[in-house]
Amino acid sequence: MTYPLGHLVAVGGAEDKGTDLEKGILQRNRLNFFELGILKNIVSLIGAAGPCVEVITTASSIPDEVAQNYIEAFEKLGCMNVGHMRIRNREDVAQPDYMKRLLACNCIMFSGGNQLRLSSIFGGTDFLDVLKQRYQQGNFLIAGTSAGAMAMSNTMIYEGSAALANLKGEVKITTGLGLLQNVIIDTHFDQRGRFNRLAQAVAAQPGAIGIGLGEDTGVIVSQGHELKAIGSGSVVIIDGKNIEYNNIADIDFGMPISVENIIVHIMSKGDVYNLETRKFVGAEIEVDDKE
């Protein structure tokens, strides 16, 4: 099997980058992020001197503000060559200039917003084909936060109330960008109580592994199958391979689902999960030697 040479970084949203535009509130002067935060991990993974980063804000309803926010954040981390691909529709994504920029950059960063905009605008395009080729064939980084993370998988949740997620049919699924196979990613996981939402998605497709990302938390995906947790919160893995009783196919829409024997792992910074072997490896804990 040939593994991708590039990396993916999927972030659960609200990553501390100095502002919180997705909530419409500017919050300057938040501490510690630029030393310890997720964007620093992204910059380290790029690995190139003077890297070129392109921010894609297609999912966002405030694209210019979000792009400027990321440009400033990356600049504070020493990345001075940061562009904004202001792609709003399928006509935009077909522009030759955007393809040239995709071929020239070292990293693509998908912002948050509405993940259905990403799948409906990029799906089936030459741009997406080249994006996948670059990820597969070279040291290329694709990062996404919130909607940008959820769209990375082949199976994508695009709608579903957390409060009603235990009821059949309340979780809506479609096809994502297909950068990761056999997984389903959900974001803002702890903060918005989305365990049942992801569990229903996995119950409907038990071969897929659910990845729930808390805010200011993410995973680095290496070789297409090794997940390493980063950030300040938790990553929840929901594995449905060993599901036994599962009523989701037999009950009416709006009825509560029952699922037996779901496996759940909770990861924190440094923990690793292998999507192929479905094995969890905890991070080594440094212990002070004190007599």
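Just a few scattered comments:
- Filter result for L103 (aliphatic (A, V, I, L, M), at pLDDT 95 or above and under 16 Å from the mean Cα position of the chain (by Cα)): no
- Whichever residue in region 94-105 is within 25 Å of E72 (Cβ to Cβ) and among the hydrophobic types (A, V, I, L, M, F, W, C) and, among such residues, is surrounded by the most Cβ atoms within 10 Å (Cβ to Cβ): C105
- The condition of being β-branched (V, I, T) and within 13 Å of M156 (Cα to Cα) does not hold for V219.
- Applying the criterion of at least 1 residues that are without any contact (Cβ under 8 Å) to a residue 60 or more places away in the chain and polar (S, T, N, Q) to the strands (runs of 3 or more DSSP E) found wholly in region 32-132 leaves 81-85.
- Candidate set from region 240-291 (those that are in a loop (DSSP other than H, G, I, E, B), among the aliphatic types (A, V, I, L, M) and modelled with pLDDT under 95); member that is nearest to T217 (Cα to Cα): A283
- Residue ID - surrounded by the most Cβ atoms within 10 Å (Cβ to Cβ), chosen from residues in region 133-158 that are in a strand (DSSP E or B) and among the hydrophobic types (A, V, I, L, M, F, W, C): A143
- Annotation: of all residues in region 220-239 being of a type in the set (S, T, Y) and part of a loop (DSSP other than H, G, I, E, B), the one that is modelled with the highest pLDDT is S234.
- Exclusive hit being at pLDDT below 95, touching a Gly at 6+ places or on another chain (Cβ under 8 Å) and polar (S, T, N, Q), set Q200, Q191: Q191
- All positions within region 227-282 that are touching a Phe, Trp or Tyr at 6+ places or on another chain (Cβ under 9 Å), surrounded by fewer than 16 Cβ atoms within 10 Å (Cβ to Cβ) and hydroxyl-bearing (S, T, Y): S258
- Scope region 192-206; condition touching a helix residue (DSSP H, G or I) at 6+ places or on another chain (Cβ under 8 Å) and part of a loop (DSSP other than H, G, I, E, B); matching residues: R192, G193, R194
- Selected residue [closer than 21 Å to G224 by Cα and either of a type in the set (F, W, Y) or touching a helix residue (DSSP H, G or I) at 6+ places or on another chain (Cβ under 8 Å) (or both)] from L131, L45, L77: L131
The values are calculated or read from the model by the stated rules, or taken from the named source; none is laboratory data. Everything quoted here is computed from the prediction, not taken from an experiment. Reconstructed Cβ throughout: ideal geometry from the backbone, glycine too, with neighbour counts over all protein chains shown.
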